[in-house]
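Report on one structure; see the data block that follows.
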Amino acid sequence: MSRGSGAGYDRHITIFSPEGRLFQVEYAFKAVKAAGITSIGVRGKDSVCVVTQKKVPDKLLDQSSVSHLFPVTKYLGLLATGITADSRSLVTQARNEAAEFRFQYGYEMPADILAKWIADKSQVYTQHAYMRPLGVVAMVLGIDEERGPLLYKCDPAGHFYGHKATSAGVKEQEAINFLEKKMKENPAFTYDETVQTAISALQSVLQEDFKATEIEVGVVRADNPIFRSLETEEIEEHLTAISERD
Amino acid sequence: MGDSQYSFSLTTFSPSGKLVQIEHALTAVGSGQTSLGIKASNGVVIATEKKLPSILVDEASVQKIQHLTPNIGTVYSGMGPDFRVLVRKSRKQAEQYLRLYKEPIPVTQLVRETATVMQEFTQSGGVRPFGVSLLVAGYDDKGPQLYQVDPSGSYFSWKASAMGKNVSNAKTFLEKRYTEDMELDDAIHTAILTLKEGFEGEISSKNIEIGKIGADKIFRVLTPAEIDDYLAEVE
C-alpha cells in the first residue's frame, strides 16, 4: 500500500511538498504548455474576442473536427487550451451545469458564475488524491446584462480572475507582456479593434503571419450576444485590415 | 470521501511525532500575501494585500475579503481556491444554524465548525489539509471578536494578528501599536500602517482590501474611495 507525506509521493498526488507547494498542480500547468498552442483573449468596450492557433497535425484529419472553441450555451463560449481530452470532459460538464442552472434559476448562467464553478471543480482535484488536476486552462466569455462584456480565465490550480486581456499556452508570458503594453491606458476597444488586437497579439508573439485557416476566432458582442466562431471570410477581412494598418 | 483506493489518511505521523503535511500547509500559508486583523473596543477590522498577477486582471472581479453572515466576515493568507471552499461550507453551516434556531450563529460557533472542517481534512482519507489560515471578524452579543484558524484546525481568539509573508514584522508592529481602548477608526489606521510596513511598491486603494464591522453589527468591505480617504489621513 502506498503512503504519502514526505516519502516522495508529493510529486505523484496532490499533497504538499516541504516548501508548501503542490507539484501535481505545477505539472498540470506544464501539461497545458506541452499542448503546443497559444491562445489570447481580449475584452473591449462592448465585445470579447478569443483567438487560438488551429494546428492540424495530419493532412488526413478532418479539419472541421479540430477545434478548441466550444459553445457552452448560446451565449457563453469556452476556449480550452491544453490536453484535448481533458478539455472535452470539462466542456461536457460545463454544458450540463449551465443547462441545469438555466432550468433551476430561470435565467442564463453568467460567465463569471460558470468560471467560478469550473474553478471550484478544479480546486477539488487539487485537494483530493483520487483525481488528478485537469491539464486545461479555460477562458470563459460572455455578455452580462448588467456588467457588459466579461472574460474570465480558470486554471488547474482553481484560480479564476476577470481579465481585460489575457493569454494561455506556450507563449503565455510573452503575450501578456505584449497585451499589458496595449491595455496600459485602459483603451475602450470597438469590436473591430478588439478582434484585431487579439489576432495581432498572437501574430506578434508567435512571429508569424497567419492564414485564415490557421486560427480560430470566437466572439460575443453586446449588439449580438450569441457566442459564435468567425467564418474564414470574416477572419480574412480582419487579417487584411491588420496588414494594411501596419 | 474519495475513492476507496484512498481510504487511508495522507496526513500521517512522522517518527518524531510531527504531522508533516500540516507543517507544509503552514509553509504554504507563510508564502501567501500578508493579511491582518485588529479588534478594537467597538469593532473589528481585517485587511489584506491584494497583489494581482498582472495589470490585465480586472481588480474589480477579485474580492479577497468575504462575508460569511451579515455580521461575520473573513480574510485569508495562502491558497485562494482552498479559501473559496471554506467560505462556501461556512456560509452553509451558518445558514443551517439560522434555519434551525431562528437566530444568527454566534461567532465562536461558526469558527468552531469551520475549524472542524479543516481538521477533518487532516485526518480523512485521500485528501490534503487546506493551504489557508483564516482571520474571522465578527460582532455578536458577546461584542467584537477576532479569531484565527490554522490549517490544522486549531483556532484562537486574538486582539490583533497577522499572517502570510510579512507575519513577523507585522506582529511586532502590532504589538507596539495595540492598545486595549483603541477605537475602530484608530484600528483601521493602524491596520493600514501595518500593511505599509512590509509593502513592496506603492500602497493604494487598488492593491489592498479592508473590511470592518462596528457596533451596528454589519460587516462591510470598504470601497476604494473610502480606502483612499483613510490612506490620505494616514499620510
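If you take just the strands (runs of 3 or more DSSP E) that sit entirely in region A:1-74, which of them hold at least 3 residues that are within 14 Å of another protein chain (Cβ to nearest Cβ)? Spell out how you get there, then give the answer.
Numbers: elements: A:38-43, A:47-53, A:69-71.
Those strands (runs of 3 or more DSSP E) span A:38-43.
What number of residues within region A:78-105 are part of a strand (DSSP E or B), farther than 14 Å from A:TRP117 by Cα and either in contact with a helix residue (DSSP H, G or I) (Cβ under 9 Å, 6 or more places away or on another chain) or acidic (Asp, Glu) (or both)? Before you say what the answer is, go through the steps one by one.
Of region A:78-105, the ones part of a strand (DSSP E or B) are A:78-82.
Subsequent filtering for residues that are farther than 14 Å from A:TRP117 by Cα retains A:79-82.
Restricting the remaining residues to those that are either in contact with a helix residue (DSSP H, G or I) (Cβ under 9 Å, 6 or more places away or on another chain) or acidic (Asp, Glu) (or both) gives A:80-82.
Total satisfying the criteria: 3.
Which one of B:VAL44, B:VAL107, B:VAL85, B:VAL111 is of a type outside the set (S, T, N, Q), crowded, with 24+ Cβ neighbours inside 10 Å and in contact with an Asp or Glu (Cβ under 9 Å, 6 or more places away or on another chain)?
Values: B:VAL44 fails: in contact with an Asp or Glu (Cβ under 9 Å, 6 or more places away or on another chain); B:VAL85 fails: crowded, with 24+ Cβ neighbours inside 10 Å; B:VAL111 fails: in contact with an Asp or Glu (Cβ under 9 Å, 6 or more places away or on another chain).
It is B:VAL107.
Taking B:SER133 as meeting all but one of (1) touching a helix residue (DSSP H, G or I) at 6+ places or on another chain (Cβ under 7 Å); (2) polar (S, T, N, Q); (3) surrounded by fewer than 20 Cβ atoms within 10 Å (Cβ to Cβ), write down the number of the exception.
Looking at each condition in turn, B:SER133 falls short on (3).
Here are B:ILE210, B:ILE218, B:ILE188: which of them is crowded, with 17+ Cβ neighbours inside 10 Å, at pLDDT 95 or above and over 30 Å from B:THR27 (Cβ atoms)? First the steps, then the outcome.
Values: B:ILE210 fails: over 30 Å from B:THR27 (Cβ atoms); B:ILE218 fails: crowded, with 17+ Cβ neighbours inside 10 Å.
That would be B:ILE188, the only listed residue that is crowded, with 17+ Cβ neighbours inside 10 Å, at pLDDT 95 or above and over 30 Å from B:THR27 (Cβ atoms).
Looking at region B:90-101, can you tell me whether even one residue there is at pLDDT 95 or above and closer than 24 Å to A:GLY162 by Cα? Write out each step before concluding.
Of region B:90-101, the ones at pLDDT 95 or above are B:90-101.
In the following step, the residues that additionally are closer than 24 Å to A:GLY162 by Cα were identified as B:91.
Scanning region B:90-101, I find at least one residue that is at pLDDT 95 or above and closer than 24 Å to A:GLY162 by Cα, so the answer is yes.
Name the strands (runs of 3 or more DSSP E) wholly inside region B:66-152 in which the number of residues that are of a type in the set (A, V, I, L, M) is 2 or more. Lay out the reasoning, then the answer.
Working: elements: B:66-69, B:72-78, B:132-140, B:143-149.
Correct list: B:72-78, B:132-140, B:143-149.
Just the residues that are under 23 Å from B:ALA94 (Cβ atoms) and of a type in the set (Gly, Ala, Ser), please, taken from region B:112-128.
B:ALA115, B:SER124, listed by residue number.
Kindly list, by first and then second residue, each pair from a residue in region B:12-32 that is within 9 Å of another protein chain (Cβ to nearest Cβ) and surrounded by fewer than 23 Cβ atoms within 10 Å (Cβ to Cβ) to a residue that is at pLDDT below 95 and part of a helix (DSSP H, G or I), limited to pairs with Cβ atoms under 7 Å and residues at least 6 apart or on different chains.
Once the first residue is within 9 Å of another protein chain (Cβ to nearest Cβ) and surrounded by fewer than 23 Cβ atoms within 10 Å (Cβ to Cβ) and sits in region B:12-32, its partners that are at pLDDT below 95 and part of a helix (DSSP H, G or I) give B:SER14/B:VAL20.
Please count how many residues of region A:159-178 are in contact with a Phe, Trp or Tyr (Cβ under 8 Å, 6 or more places away or on another chain) and either in contact (Cβ under 8 Å) with a residue 12 or more places away in the chain or more than 10 Å from every other protein chain (Cβ to nearest Cβ) (or both). Talk me through it step by step, then tell me what you get.
Keep residues of region A:159-178 that are in contact with a Phe, Trp or Tyr (Cβ under 8 Å, 6 or more places away or on another chain), which gives A:160-163.
Now restrict to residues that are either in contact (Cβ under 8 Å) with a residue 12 or more places away in the chain or more than 10 Å from every other protein chain (Cβ to nearest Cβ) (or both): A:160, A:162-163.
Of the residues in region A:159-178, 3 are in contact with a Phe, Trp or Tyr (Cβ under 8 Å, 6 or more places away or on another chain) and either in contact (Cβ under 8 Å) with a residue 12 or more places away in the chain or more than 10 Å from every other protein chain (Cβ to nearest Cβ) (or both).
May I ask you to verify whether B:THR194 is assigned to a helix (DSSP H, G or I) and surrounded by fewer than 19 Cβ atoms within 10 Å (Cβ to Cβ)? Before the answer, list the steps.
On the way: assigned to a helix (DSSP H, G or I): yes; surrounded by fewer than 19 Cβ atoms within 10 Å (Cβ to Cβ): no.
Spelling it out, it is not the case that B:THR194 is assigned to a helix (DSSP H, G or I) and surrounded by fewer than 19 Cβ atoms within 10 Å (Cβ to Cβ).
The values are calculated or read from the model by the stated rules, or taken from the named source; none is laboratory data. Because the structure is a prediction, the values reported are computed rather than measured. Neighbour counts are summed over all protein chains in view; Cβ atoms, including those assigned to glycine, are modelled from backbone coordinates with ideal geometry.
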